[in-house]
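Student: Just passing along the structure, written as structure tokens.
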Amino acid sequence: AGLGGSASAYFLQQHFGPQVQLDVYEAAGVGGRLATVTVNKQQYESRGASIHALSLHMQDFVKILGLKHRREVAGKSAIFSGEHFVLEETDWYLLNLFRLWWHYGISFLRLQMWVEEVMEKFMRIYKYQAHGYAFSSLEELLRSLGGEAFVNMTQRSVAESLLEVGVTQRFVDDVIAAVLRSSYGQSVLVPAFAGAMSLAGAQGSTWAVEGGNKLVCSGLLKLTKANVIAARVTGISLHSSEGRALYQVHYESTEGQGSAFYDMVVVTTPLHPSRSNFTFENFDPPLADLPAAFQPSVTSVVHGYLNSSYFGFPDPKLFPFTSILTTDTPGLFFHAVDNICPVNVSAAFRRKQPQEAAVWRVLSRQPLDKAQLKTLFRSYYSVQVTEWPAYPRYDAAAAKALPPVVLHESLFYLSGVEWLASSMEMVAVAAKNVALLAYNRWHQELEKIDQKDLMHKVKTEL
């Protein structure tokens, strides 16, 4: 019942109609990774925190559910090398531009043009989906958007691609590394497509849902009247009925073990032992194991006083930043530190002064030990730690094939999309694709699947 499951339920109902019966299995709470933690009776996003302005499905969900964008509270960012700030944002847009140009020449313009070109092609997916087109593999989806060049972007690193378009090594080491560490907790070796999506989020305007992003999940499930079953799926076995596949889902709940039969199943949890340990039975040939390694990610929400002198500001009153990204420096034990706002931001809300105790979110690979907490904070009232295998280990994936979308006739796999890029919108796009694919296959509308030259087709349909 995270975003993948709730968006799939919504899109399946949209295409198959209100008579379709939808069951969603969830062992933990609704919302999945879109989780919040409570500090001083206020809720804060602990994980999936921001949504890109171009996330059209997420924008739609918010509109349909009558939710609101959270009020933005301005703040400045900086990039820290472990010893000093390599780049500092100011209140002046032109001064920021000048500083970027002074430090890095036209690298930032080249970056912008590269990201914009990728995003412009990626945005074609909304047109295709609006016309009912679907893709049976991630490679086909990429080809339809940007040809072989997009497929190749999953096989080579973002650093390599940027150096090729004239971005300097220094810009890659300082700025690109900092953005990828704060979004994926990984280096500039992540594939170019995942990197482009992350960089688009860093340079575009982002937003969040008033009351918490997880309200999208609970809202979609309520809207579709999906039946949420509090249970952990342990296996899926294949049966056949009148020439069609029938799937038996086995589960474990507090009441014991159970099972149910379905015409279609969408797996919206990553198929990896660390994430979902369930078995597939009676499949001939057996379903192949999906190679996958996950990047451990730790979020620490700390209520306390930032140690500004560690960042070169002995007087905490003068510390100007609300967000600190870091370069890939050996021995630097955190990826990013943010002064975060609660999920409900009233008109009267103001950020704490830098010398006051505030709520900070620290992203790191390992849980912070006492000495590290002491390095970052003069003192603190509370620390809440969330450990999760958040993202695919992208550098390990570069040479491998992408995971399948279709595991069997009407058995679909949603989470493979994260091997392209991991964001709320990518999951929503994948959910819409799976729903269209399921619908088109069920009704034998094969001309709507994996079509070539879609841009031309869509234009003539218009």
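Student: If we keep just the residues of segment 115-139 that are in a helix (DSSP H, G or I) and over 21 Å from the mean Cα position of the chain (by Cα), which is farthest from Lys452 (Cα to Cα)? Give the derivation first.
Tutor: Kept after step one, since they are in a helix (DSSP H, G or I), are these residues of segment 115-139: 115-122, 124-130, 138-139.
From what's left, over 21 Å from the mean Cα position of the chain (by Cα): 127-128, 130.
On the way: Lys127: 15, Tyr128: 12, Ala130: 17 Å.
Once the filter is applied, the top-ranked residue is Ala130.
Student: Considering only residues of segment 416-462 that are touching a residue at least 60 places away in the same chain (Cβ under 8 Å) and among the hydroxyl-bearing types (Ser, Thr, Tyr), which is least open to solvent (accessible area, probe 1.4 Å)?
Tutor: Ser422
Student: Does Val172 satisfy the condition of being β-branched (Val, Ile, Thr) and at pLDDT 95 or above?
Tutor: Numbers: β-branched (Val, Ile, Thr): yes; at pLDDT 95 or above: yes.
Answer is yes for this residue.
Student: Being of a type outside the set (Ser, Thr, Tyr) and more than 18 Å from Ala178 (Cα to Cα) is the filter; apply it to segment 82-96 and report the residue that is most open to solvent (accessible area, probe 1.4 Å). Steps first, please.
Tutor: Taking segment 82-96 as the starting set, the residues that turn out to be of a type outside the set (Ser, Thr, Tyr) are 82-89, 91-92, 94-96.
Still in the running and more than 18 Å from Ala178 (Cα to Cα): 91-92, 94-95.
Details: Asp91: 125, Trp92: 180, Leu94: 129, Leu95: 69 Å².
Result: Trp92.
Conditions (1) surrounded by 19 or more Cβ atoms within 10 Å (Cβ to Cβ); (2) in contact with a strand residue (DSSP E or B) (Cβ under 6 Å, 6 or more places away or on another chain); (3) under 26 Å from Val362 (Cα atoms); (4) of a type in the set (D, E, K, R), marked per residue:
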position: Met113; (1), (2), (3), (4): no, no, no, no
position: Phe122; (1), (2), (3), (4): yes, no, no, no
position: Ile125; (1), (2), (3), (4): yes, no, no, no
position: Ser136; (1), (2), (3), (4): no, yes, no, no
position: Ser144; (1), (2), (3), (4): yes, no, no, no
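Student: Tell me, which strands (runs of 3 or more DSSP E) lie completely within segment 25-114 with 1 or more residues that are without any contact (Cβ under 8 Å) to a residue 40 or more places away in the chain?
Tutor: Here the list reads 36-39.
Student: Would you check if Arg365 is farther than 15 Å from Val298 by Cα and either at pLDDT below 95 or in contact with a strand residue (DSSP E or B) (Cβ under 9 Å, 6 or more places away or on another chain) (or both)? Please lay out each step first, then the result.
Tutor: Working: farther than 15 Å from Val298 by Cα: no; either at pLDDT below 95 or in contact with a strand residue (DSSP E or B) (Cβ under 9 Å, 6 or more places away or on another chain) (or both): yes.
Judged against the criteria, Arg365 is not a match.
Student: Suppose we filter segment 289-310 for residues that are assigned to a helix (DSSP H, G or I) and crowded, with 17+ Cβ neighbours inside 10 Å; how many remain? Reasoning before the result, please.
Tutor: Our first condition is that a residue be assigned to a helix (DSSP H, G or I); within segment 289-310, this holds for 308-310.
Subset that is crowded, with 17+ Cβ neighbours inside 10 Å: 308.
Final tally of qualifying residues: 1.
Yes/no per residue for (1) at pLDDT below 95; (2) surrounded by fewer than 19 Cβ atoms within 10 Å (Cβ to Cβ); (3) outside any strand (DSSP E or B):
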position: Cys217; (1), (2), (3): no, no, yes
position: Ala245; (1), (2), (3): yes, yes, no
position: Glu252; (1), (2), (3): no, yes, no
position: His272; (1), (2), (3): yes, yes, yes
position: Phe283; (1), (2), (3): yes, yes, yes
position: Leu287; (1), (2), (3): yes, yes, yes
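Student: Also, I was wondering about something else. Can you name every residue in segment 254-270 that is touching a strand residue (DSSP E or B) at 6+ places or on another chain (Cβ under 6 Å) and surrounded by fewer than 17 Cβ atoms within 10 Å (Cβ to Cβ)?
Tutor: Start the filter on segment 254-270 by keeping residues that are touching a strand residue (DSSP E or B) at 6+ places or on another chain (Cβ under 6 Å), which leaves 258-262, 265-267.
Of everything in segment 254-270, those that are touching a strand residue (DSSP E or B) at 6+ places or on another chain (Cβ under 6 Å) and surrounded by fewer than 17 Cβ atoms within 10 Å (Cβ to Cβ) turn out to be Gly258, Ser259, Ala260, Phe261.
Student: Another question about this same structure. For segment 311-320, how many residues meet the condition of being assigned to a loop (DSSP other than H, G, I, E, B) and of a type in the set (Phe, Trp, Tyr)? So that I can check it myself, show each step before the final result.
Tutor: Initially, segment 311-320 is screened for residues assigned to a loop (DSSP other than H, G, I, E, B), giving 312-315, 319-320.
Then drop every residue that is not of a type in the set (Phe, Trp, Tyr), which leaves 313, 319.
Summing the residues that are assigned to a loop (DSSP other than H, G, I, E, B) and of a type in the set (Phe, Trp, Tyr) in segment 311-320 gives 2.
Student: Go through segment 31-58 and give me each residue that's open to solvent by 50 Å² or more (accessible area, probe 1.4 Å) and modelled with pLDDT under 90. Steps first, answer last, please.
Tutor: Initially, segment 31-58 is screened for residues open to solvent by 50 Å² or more (accessible area, probe 1.4 Å), giving 33, 38, 40-43, 47, 50, 54, 56.
Once the filter is applied, which keeps residues that are open to solvent by 50 Å² or more (accessible area, probe 1.4 Å) and modelled with pLDDT under 90, segment 31-58 yields Arg33, Arg47, Ser50, Leu54.
Student: What single numbered condition from (1) in contact with a strand residue (DSSP E or B) (Cβ under 9 Å, 6 or more places away or on another chain); (2) outside any helix (DSSP H, G or I); (3) farther than 30 Å from Glu281 by Cβ; (4) β-branched (Val, Ile, Thr) fails to hold for Val233?
Tutor: (3)
Student: Could you check how many residues of segment 254-270 are closer than 30 Å to Pro296 by Cα, within 29 Å of the chain's Cα centre (by Cα) and part of a loop (DSSP other than H, G, I, E, B)? Break it down into steps so the answer makes sense when it comes.
Tutor: Step one: filter segment 254-270 for residues closer than 30 Å to Pro296 by Cα, giving 254, 265-270.
Subsequent filtering for residues that are within 29 Å of the chain's Cα centre (by Cα) retains 265-270.
With part of a loop (DSSP other than H, G, I, E, B) added as a condition, the list becomes 268-270.
Number satisfying all stated conditions: 3.
Student: Can you give me the number of residues within segment 409-442 that are of a type outside the set (Asp, Glu) and farther than 16 Å from His131 by Cα? Walk me through it before giving the result.
Tutor: Step one: filter segment 409-442 for residues of a type outside the set (Asp, Glu), giving 410-417, 419-424, 426-442.
Add one more test, that the residue is farther than 16 Å from His131 by Cα, and what stays is 410-417, 419-424, 426-428, 442.
Result for segment 409-442: 18.
The values are calculated or read from the model by the stated rules, or taken from the named source; none is laboratory data. As the structure is a computational prediction, the values presented were derived from the model and not from experiment. Reconstructed Cβ throughout: ideal geometry from the backbone, glycine too, with neighbour counts over all protein chains shown. Side chains are part of the model used for accessible areas, which takes the heavy atoms of the whole protein and leaves out ligands, DNA and RNA. Shrake-Rupley method; radii C 1.70, N 1.55, O 1.52, S 1.80 Å.
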